[in-house]
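S.K.: One structure is given below, represented as structure tokens, and several questions about it will come after.
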Amino acid sequence: MRDVSLNSIRPLATGLMWLDDPAVVATVVTLSDGALRAVIAPEVGGALAAFYETTPDGPLHWLRPAAPAAFAERDPLRMASFPLFPYCNRIRDARFDFDGRTIDLAGNDTRFGHALHGNAWRHPWQVGARTESSVELRFEHEPDSRVPGDWPFRYCARQRIELSGGALHITLSAQNLAGQPMPFGMGHHPYYPRTAQTRVYADVAAMWHADADVLPTHLGPHPAVTALREGMSPDAFDLDNNFANWSREATIAWPDEHRRLTMTADAPFDHMVIFAPANDAQLCVEPVTNTTDCFNAVGMREHVGGCVLQPGEEIAATLKWTPHKD
């Protein structure tokens, strides 16, 4: 995420000040199950604004809560997490070749030098069926040739967000509504509280090394691979990298607070991005189906990820975040 400077953002220590704003309250959906709460902001890219536990001492945040400016500026990058469709992370120079033609995404967001995270996070999502503990969100993309860099394939994306069994479940799904094959990837982009004692545990096979534009150069070993198995400090390396073939389980732990959060994922979420910049408060451990620049990347399919959805074809998979107190 080095294309945007968010160094001024810090997690709210305890409160959710924006829930005191009637204008914000009118736009969010709050789910509850026991002491767990999830706050969703459909109008801000279908993002998750907070995932926390109510305690006598106030909210205990399992994800970094949204900054107040996230609502004022409708900025998913300042939310707790947001969905990624129809690809994850960057596309080099905002273009790639597919099915005999060049797909040009240049101009879809002038803040970034390369196309980033697809387009679903830049638009409001529609709220569907909801209960006290679950909600369904929907986004349908209709290509517009008048919009520079618009994604040229019609598709529908959905999120089912639910609190149950002491965990947060998010099922992501998509259907190709175009009359032609469509390249595709999806994921979620969660931010976690980052402290000096935070540790990240995961079993990964290798890391995609990256250039100065955070685009992959080659897949290979890195000290972070071993560190993750032992419990990596976010301060150990300067990371914005994709890790291939993880075990689809990762744990973010705060040992000094005697708590941890385990993230699990269904296939095809076979890739994981860690964004842990040096001297920064941000920490992301992202489950994704494709490596950065997957539509241009050269390598074995299991190392690159992504897929091609045929006309009418659907795909769905579930992510789960389970809090634990030690």
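S.K.: What is the sum of charges around D203, taking Lys and Arg as +1, Asp and Glu as -1, for the other residues whose C-beta is under 9 Å from the C-beta of D203?
M.R.: Details: positive: R229; negative: E249.
Within the 9 Å Cβ shell, the charges total 0.
S.K.: Which value at 222 nm does the chain reach when only helices count, each DSSP H run of 4 or more adding -39,500 (n - 2.57), with the total divided by all residues and rounded to the nearest 500 deg cm²/dmol?
M.R.: The helix-only estimate for the chain comes to -1500 deg cm²/dmol at 222 nm.
S.K.: Something else: Can you compute the modelled spin-label distance between T195 and D93, with each label point 7 Å from Cα toward Cβ, in nm?
M.R.: Once both label points are built, they end up 4.7 nm from each other.
S.K.: By how many nm would the segment from H123 to T171 grow when fully extended, if each residue of separation counts as 0.36 nm and the alpha-carbon distance is taken off?
M.R.: Numbers: separation 48, 0.36 × 48 = 17.28 nm, distance 1.89 nm.
Extra length available between H123 and T171 comes to 15.4 nm.
S.K.: Suppose the chain between E73 and T131 were pulled fully straight at 0.36 nm per residue; how much longer would it get relative to their current alpha carbon spacing?
M.R.: Numbers: separation 58, 0.36 × 58 = 20.88 nm, distance 2.82 nm.
Value of the extension gain: 18.1 nm.
S.K.: Of [x] 0.94; [y] 1.04; [z] 0.98, which one was derived for Rg/Rh (Cα atoms, Kirkwood Rh) from the structure shown?
M.R.: [x]
S.K.: Right, here's the next one. Pop the C-beta distance of V308 and D203 into the FRET formula with R0 = 30 Å and round what comes out to the nearest 0.05. List each step's numbers first, then the result.
M.R.: Working: r = 28 Å, r/R0 = 0.95.
After rounding to 0.05, the efficiency reads 0.60.
Just so you know, all these numbers are worked out from the coordinates, no wet-lab data involved. All figures in this text were calculated on a predicted structure; none of them were measured in a lab. Cβ atoms come from the backbone with ideal geometry, glycine included; neighbour counts cover every protein chain shown.
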